[in-house]
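Novice: Pasting a structure here, questions to come.
The values are calculated or read from the model by the stated rules, or taken from the named source; none is laboratory data. Predicted, not measured: the structure shown is a model, and the values here were computed from it. We place every Cβ from the backbone using ideal geometry, glycine too, and count neighbours over all the protein chains shown.
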Amino acid sequence: MNGGIGSLPGLAGFTGELLSPSDEGYDAARRVWNGAIDRHPALIARCASTDDAALALAYARREGLPLSIRGGGHNVAGSAVVEGGVVIDFSALRGVSVDPGARLARVQPGALWSDVDQATQAHGLATPGGIVTHTGVAGLTLGGGFGWLSRRWGLVSDNVESVAMLLADGSRVRASEEENQELFWAVRGAGGNFGIVTGFTFRLHHSGTMVLAGPLMHDASRAREVLDFYRDFIKDAPDELSVYVNLRTAPQLDWVPADVRGKDVVMLIPCWSGDLAEGEAFLEPLRRFGPPAADLVQRKTYLAHQAMFDATVPHHWGYYWKSHYLPPLTDGTIDVLVHNAWQKTAPTSYTVMFHLGGAVSRIPADSSAASGRDALHAINVNAAWPEAGSDHPDIAWCRRMFADLEPHSTGGVYVNFLHNDEGEARIRAAYGAHYDRLAEIKARYDPANVFRSNQNIRPR
């Protein structure tokens with residue numbers, strides 16, 4: 001129900017659902033994945049179409065209200081919801097249309113990666129996505145994005161064919177390599193600074209439906225030798241292989257062996273997306289090393305592996321992140337990891353290190369605004385607490401570990417891993433050498449900085 005606010009100036013034609021603070025369902029609608037975020041927008045506009053989004057945008061501008069855009073609502077900084085403003089909420093628009101002959105997928109702005117994966121895998125196709133299926137497509141893609149398939153086919157944003165956009169002035173455009181090229185360059189990596197993406201077209205790849213993947217769990221007491229071996233093992237890894245690292249307390253989940261649950265562990269998580277027999281041979285030394293306390297590597301569907309870690313990051317827990325890009329691991333980096341990783345207080349907090357390189361690094365750095373081409377890893381230190389709320393002791397642990405890692409980093413950071421307290425210097429580090437060009441594009445498309453509920457680039 002629109003609770004009567006459809007009669008507000010300019011919103012009479014809105015066909016979706018409008019929610020104000022007095023409406024039933026408002027509190028549920030303002031919640032996002034990160035339960036540490038507690039904001040109260042003046043209006044939540046749950047859009048049924050691009051026309052609805054245009055009406056809500058025009059209303060916010062006319063009333064002088066701040067604006068945010070919600071796709072999956074999964075950003076740790078809570079950028080999907082704005083205090084006292086208007087939320088353009090696309091969560092009802094989750095459609096995915098696949099053209100298997102052209103190997104293209106057209107995706108609505110509220111889709112989650114589970115929606116894309118299920119639609120594309122029905123044809124044996126895939127595009128790089130995240131590692132948690134309830135992540136939103138829009139936010140991950142606009143920040144650059146990476147996942148299990150990125151070493152083979154590039155960042156998520158590298159696989160965008162085109163986007164449909166609603167600009168600050170209400171105009172509607174398409175951006176691709178053929179039209180509005182500067183805008184297309186900017187939106188692939190610099191987030192929602194330039195307009196509202198109302199539709200994505202992704203290129204797809206013949207991936208098949210099976211991978212060889214799963215965690216290898218080693219006791220944390222052996223962390224140094226495990227990380228030493230890992231560093232050497234991935235030096236010659238082919239593009240078909242990604243090996244992520246998770247330094248954590250083994251979760252209380254069914255797939256974790258009972259005798260390992262609750263123990264501090266190093267998880268090495270390979271995912272091989274090529275020929276499975278070749279993968280078995282290549283991974284044999286990694287699986288033999290130790291040996292691990294548990295070996296859960298197996299042939300399984302890509303869909304199953306994509307969803308494996310969903311339960312470790314559920315909706316409405318509290319989360320706080322600090323992150324760096326890292327070059328190849330040094331002895332000093334390993335020292336910091338071993339010293340800090342298990343000094344957390346909550347069993348749910350953890351540190352995850354993503355394996356980049358491969359196709360990500362071969363694509364020219366100036367091909368888009370996306371970052372991370374010069375890094376071998378992105379590391380994310382995650383304070384996570386089930387009781388939600390805005391404060392937790394592991395936030396201090398997170399910051400200490402971040403500070404200790406800084407001398408070993410590239411100086412850059414993945415923009416989607418920034419929290420909402422990072423400051424101007426850290427935001428500039430996320431955009432790196434692209435920042436000045438992005439500020440000029442921002443001035444052209446959004447001179448009034450309407451789109452600022454993000455890691456904001458100020459118009460030049």
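For every residue, the table says whether it meets (1) of a type outside the set (Phe, Trp, Tyr); (2) touching a strand residue (DSSP E or B) at 6+ places or on another chain (Cβ under 6 Å); (3) more than 22 Å from Gln455 (Cβ to Cβ).
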site	(1), (2), (3)
Leu8	yes, no, yes
Glu24	yes, no, yes
Arg46	yes, yes, yes
Gly72	yes, yes, no
Ala80	yes, yes, no
Arg94	yes, no, yes
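Novice: Go through Ala42, Ala56, Ala36 for me and flag whichever is closer than 23 Å to Asn193 by Cβ, surrounded by 22 or more Cβ atoms within 10 Å (Cβ to Cβ) and either in contact with a helix residue (DSSP H, G or I) (Cβ under 9 Å, 6 or more places away or on another chain) or outside the structural domain of Trp385 (by TED's automatic domain parsing) (or both).
Specialist: Going through Ala42, Ala56, Ala36 in turn, just one is closer than 23 Å to Asn193 by Cβ, surrounded by 22 or more Cβ atoms within 10 Å (Cβ to Cβ) and either in contact with a helix residue (DSSP H, G or I) (Cβ under 9 Å, 6 or more places away or on another chain) or outside the structural domain of Trp385 (by TED's automatic domain parsing) (or both): Ala56.
Novice: Right, another one. With the checklist (1) assigned to a helix (DSSP H, G or I); (2) out of contact with any His (no Cβ under 7 Å at 6 or more places or on another chain) in hand, flag the one item Glu406 doesn't pass.
Specialist: That leaves (2) as the condition not met.
Novice: Identify, from the list Gly191, Gly274, Gly208, the residue that is modelled with pLDDT of 95 or more and on the phi > 0 side of the Ramachandran plot.
Specialist: Of the residues listed, the single one that is modelled with pLDDT of 95 or more and on the phi > 0 side of the Ramachandran plot is Gly208.
Novice: Quickly run through the stretch 331-353 and pick out the residues that are more than 16 Å from Val226 (Cβ to Cβ) and either at pLDDT below 95 or out of contact with any Gly (no Cβ under 9 Å at 6 or more places or on another chain) (or both).
Specialist: Once the filter is applied, which keeps residues that are more than 16 Å from Val226 (Cβ to Cβ) and either at pLDDT below 95 or out of contact with any Gly (no Cβ under 9 Å at 6 or more places or on another chain) (or both), the stretch 331-353 yields Gly332, Gln343, Lys344, Thr345, Ala346, Thr348, Ser349.
Novice: Continuing with the same structure: Which residue, of Glu422, Glu387, Glu440, is surrounded by fewer than 23 Cβ atoms within 10 Å (Cβ to Cβ) and assigned to a helix (DSSP H, G or I)?
Specialist: Result: Glu440 is the single residue among Glu422, Glu387, Glu440 that is surrounded by fewer than 23 Cβ atoms within 10 Å (Cβ to Cβ) and assigned to a helix (DSSP H, G or I).
Novice: Against the definition (surrounded by 14 or more Cβ atoms within 10 Å (Cβ to Cβ) and within 30 Å of Glu406 (Cα to Cα)), how does Trp272 come out, yes or no?
Specialist: no
Novice: Scan the stretch 153-173 for residues that are in contact with a Ser or Thr (Cβ under 6 Å, 6 or more places away or on another chain) and over 17 Å from Arg437 (Cβ atoms) and report the count.
Specialist: The total comes to 6.
Novice: Cβ contacts < 7 Å: first residue modelled with pLDDT of 95 or more, restricted to the stretch 43-69; second residue basic (Lys, Arg), any location; separation 6+ or different chain. Result?
Specialist: Pairs that qualify, where the first residue is modelled with pLDDT of 95 or more and the partner is basic (Lys, Arg), are Ile44/Arg30.
Novice: With respect to Ala433, is the statement that it is modelled with pLDDT of 95 or more and assigned to a strand (DSSP E or B) true?
Specialist: No: the conditions fail for Ala433.
Novice: Do we find that Ala294 is outside the structural domain of Gln118 (by TED's automatic domain parsing), under 22 Å from Ile131 (Cα atoms) and not aromatic (Phe, Trp, Tyr) in this structure?
Specialist: Yes, satisfied.
Novice: Against the definition (more than 23 Å from Asn416 (Cβ to Cβ), buried (at least 18 other Cβ atoms within 10 Å of the Cβ), touching a His at 6+ places or on another chain (Cβ under 9 Å) and not β-branched (Val, Ile, Thr)), how does Ala237 come out, yes or no?
Specialist: yes
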